[in-house]
1. At R0 = 22 Å, how high is the FRET efficiency between residue 146 and residue 8 if r is their beta carbon distance? Nearest 0.05 is fine.
2. Cα to Cα, under 13 Å, and not fewer than 8 places away if on the same chain: which aspartates and glutamates meet these conditions relative to residue 81?
3. Find out how many positive minus negative residues lie around residue 122, taking Lys and Arg as positive, Asp and Glu as negative, among other residues whose Cβ is under 14 Å from that of residue 122.
4. Cα axis of helix 175-200 to longest principal axis of the chain: angle in degrees, 0 to 90, nearest 10?
5. Keeping the other protein chains in place, figure out the carbon and sulfur percent of the accessible area of region 1-87, with a 1.4 Å probe.
6. Are there GluC sites (Glu not before Pro) in region 112-197 that DSSP marks as loop and that have at most 10 other Cβ atoms within 10 Å, and which are they?
7. Roughly speaking, what is the stretch gain from residue 107 to residue 189, that is 0.36 nm per residue apart minus the C-alpha to C-alpha distance, in nm to one decimal?
8. Hey, what number do you get for the chain at 222 nm if only DSSP H runs of n ≥ 4 count, each worth -39500 (n - 2.57), divided across all residues, to the nearest 500?
Amino acid sequence: LLDTLLHDLPEVRVKVSVDTSAPLLNLLRNRQIDFFVGDASIARYQQDLVVESLFTCGFGWYVSHQHPLAQTRDIDFVTMKTWPMVIAAGYFDPAAVEHMETLYGLNAGLYDHFAVLSNDFRVVRHLMDSSNAILAATDIAMLNTAKVVKLHTNPALALTLTLGILRLAERELPPVCERVMALIRERIRQTESRRSLGVKA
């Protein structure tokens with residue numbers, strides 16, 4: 001996307017902040033960014049936001065292709081907990097947290113069952129490569145990641161994440177923002193096409 005922006009909109013100065021949705025929301029409200037792409041569900045709890053939903057994907061448990069569980073089927077949560085569990089922590093829809101706690105019977109709270117929580121995806125990817133860690137992640141985050149396997153769990157993790165463009169309802173955006181958002185929509189559409197082809201294959 002950034003390559004495209006630099007090529008197609010060379011006159012635009014791009015300020016990029018890569019973070020989870022909650023810190024980006026603070027930047028948005030402080031007028032430090034014009035909009036951000038993040039978890040659309042956050043708009044349900046924030047009346048001052050407008051969201052344009054772009055892409056919906058699932059969640060899963062991922063491991064290195066060399067992990068002892070990589071080829072195992074019907075893996076239960078008790079078995080997964082014998083290995084270090086990692087989550088790319090950030091904003092997480094309360095409804096999703098409740099779903100996972102109910103699904104796996106977690107009385108002590110979801111995050112208490114993870115050995116590592118990090119908002120830096122490079123950290124969690126390193127752990128997958130260097131250990132037998134199990135990562136809870138969105139499918140889109142793992143789309144272009146080689147040598148990883150999505151675990152076949154029972155029960156399956158029936159969660160989705162919708163990415164969207166979020167902005168303040170009362171703020172009028174500069175005209176150039178629409179051009180940038182159009183490129184984002186196209187890039188997301190291409191990602192969806194690649195994912196669909198991958199599913200068919």
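The values are calculated or read from the model by the stated rules, or taken from the named source; none is laboratory data. If you're wondering where the values come from, they're calculated on a predicted model, not measured in any experiment. We place every Cβ from the backbone using ideal geometry, glycine too, and count neighbours over all the protein chains shown. To get the accessible areas, we keep the full protein, side chains included, count just its heavy atoms, and leave off ligands, DNA and RNA. Shrake-Rupley method; radii C 1.70, N 1.55, O 1.52, S 1.80 Å.
1. About 0.20, to the nearest 0.05.
2. 112
3. With Lys, Arg at +1 and Asp, Glu at -1, the neighbours total -2.
4. 30
5. The nonpolar share, carbon plus sulfur, comes to 51 percent.
6. Answer in residue order: 170, 172.
7. 25.6 nm
8. -10000 deg cm²/dmol
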